[in-house]
Amino acid sequence: MSAIAPKVGFVSLGCPKNLVDSEVMMGILARHGYALTPRAAEAEILVVNTCSFIGPAQQESVDTILEMAEYKKFGAAQKLIVAGCLVERYREQILEQIPEVDAVVGTGEVERILEAVQGSLRVLPAEPPAFLYHDLTPRVLSTLRHSAYIKIAEGCDHPCSFCIIPQLRGKFRSRRFESVVREAQQLARAGVREVTLIGQDTTSYGEDLSLRDGLALLLDRLAQIEDLFWVRFLYCYPNRVTQKLLDTIAAHPRLVKYMDMPLQHASRKVLTRMKRGSSGDAFLKLLERIRGTDNASSFALGQKVDAETIAVRRERLMAIQKRISRQKLRQRVGKRVSALVEGPSKENELVWEARLEGMAPEIDGRLFLTDIETQSGETARPGDLARVEITKADAYDLIGRVIEILQRRPSVSADPANVSSATSAAAPAFPAAPVQRISTGAPLRILS
């Protein structure tokens, strides 16, 4: 490698699970001396980590690949590498139909990104993905400095008839219990105050390791890390929610009272055809058991219905949900709540943003702060846990002002925008990478 570090730019499309893969690939390259840049025009190597779950995601991935290919003509780019789920479906076709692409890296080949960048790998034969990162794997965080994802498992064994995830991600496999705990501890030491556990089905965590109620055990352990404010988990499979899990969430203040649980449908007949099991009545009984926790559920139509019907149903559901959301949020006006301060808003330079524990990063609504200074003269900083008075409610968002700083995010020597895992508590071995997360425009974007 030359004395001047080659610059690499990443575009990460799709879900938070894909984002973690991008962070791992960035970590591997940074450890080997590559510089990361958020500007496509100056990148000598471009990596597009793709999504292929549904048709629009595939199209966005193809469009982004073609957009980045232009920088090989008019920018500094010399190599274009395509990674992720699209590769698992169309690895040979990508190379054949987009000649600007120099190499492809599937979801099971994340750790081989260095070979692709160095030119010794162009394409590997398709095999069931088996890669699973761990606490010793280098990783560069692209999220806000006080919040991070931890992937606790990969792949899926559910036979849902509408889903291609097992083909894209392989069989279900859990990370080792202590490996997850060590990563959470390392992140906390680096200044992260909120961790979000993710996987294709987090509620199955540990089953392949002979752990009973593995997720509940893991949450119980993570709730003991004092430097963390909040711990949450996403992608909860309704048939795997146990009373032990609910009791564990209720027992620990650090475990946010939040359930992300895709129900997919309420008809037993439809759910049977979807190979999901259960029924609407069973879901209602489950929801009764978890009442009292902030709940964000996502629903998807599993049958092949025409686009117009889908649009009409969605509009009706969203109109109902909008009324429900507005009514619930209005009940918070005048109350004082704990909130995690995010920082200045990208939408309005006059306000800051924060989140309540029932607001997952980039999924739910936001809390806009019109005043971040307390009466005693303290000013809130990103990563602080603050008491906020709610002054106004919209359909999905809240507006409030900071009343009191509950816990400060302490200054740390390590920059958590860049975490290189190690067996010790030492600071990361390489400097922070200028990775940005924006949604539009020519600069590189990391979307989740």
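Checking each residue in region 362-383 for being in contact (Cβ under 8 Å) with a residue 40 or more places away in the chain and either more than 16 Å from S345 (Cβ to Cβ) or touching a helix residue (DSSP H, G or I) at 6+ places or on another chain (Cβ under 9 Å) (or both) picks out E362, I363, G365.
Considering only residues in region 330-350 that are among the hydrophobic types (A, V, I, L, M, F, W, C) and at pLDDT 95 or above, the one that is farthest from the chain's Cα centre (by Cα) turns out to be V333.
For region 116-130, the criterion of being surrounded by 23 or more Cβ atoms within 10 Å (Cβ to Cβ) and either touching a strand residue (DSSP E or B) at 6+ places or on another chain (Cβ under 8 Å) or in contact (Cβ under 8 Å) with a residue 60 or more places away in the chain (or both) is met by at least one residue.
Within the set R316, R326, the sole residue that is assigned by TED's automatic domain parsing to the domain that holds D397, modelled with pLDDT of 90 or more and under 30 Å from G383 (Cβ atoms) turns out to be R326.
Condition (residue is among the basic types (K, R) and in contact with a Ser or Thr (Cβ under 9 Å, 6 or more places away or on another chain)) applied to region 70-93: is it met by at least one residue? For region 70-93, residues among the basic types (K, R) and in contact with a Ser or Thr (Cβ under 9 Å, 6 or more places away or on another chain): present. Looking at G343, G358, G400, just one residue is small (G, A, S) and crowded, with 21+ Cβ neighbours inside 10 Å, and that residue is G400.
Please find, within region 305-337, the residue that is surrounded by the fewest Cβ atoms within 10 Å (Cβ to Cβ) out of those that are of a type in the set (A, V, I, L, M, F, W, C) and either in contact with a His (Cβ under 8 Å, 6 or more places away or on another chain) or outside any helix (DSSP H, G or I) (or both). So, considering only residues that are of a type in the set (A, V, I, L, M, F, W, C) and either in contact with a His (Cβ under 8 Å, 6 or more places away or on another chain) or outside any helix (DSSP H, G or I) (or both), the one surrounded by the fewest Cβ atoms within 10 Å (Cβ to Cβ) is V305.
The condition of being under 29 Å from G206 (Cβ atoms), modelled with pLDDT of 90 or more and in the same structural domain as L219 (by TED's automatic domain parsing) holds for only one of L255, L271, L263, that being L255. Across region 2-22, the number of residues qualifying as modelled with pLDDT under 90 and among the polar types (S, T, N, Q) comes to 1. Screening D364 on (1) surrounded by 16 or more Cβ atoms within 10 Å (Cβ to Cβ); (2) over 21 Å from V192 (Cβ atoms) shows it passes everything except condition (2). Elements of the type strands (runs of 3 or more DSSP E) sitting completely within region 23-130 and holding at least 3 residues that are of a type outside the set (G, A, S) and modelled with pLDDT of 95 or more: these cover 45-50, 79-84. Being more than 24 Å from G155 (Cα to Cα), within 21 Å of the chain's Cα centre (by Cα), aliphatic (A, V, I, L, M) and buried (at least 18 other Cβ atoms within 10 Å of the Cβ) is a description that does not apply to L46.
The values are calculated or read from the model by the stated rules, or taken from the named source; none is laboratory data. Since we're looking at a predicted model, the values are computed, not measured. Virtual Cβ from ideal backbone geometry, glycine too; neighbours counted across all protein chains shown.
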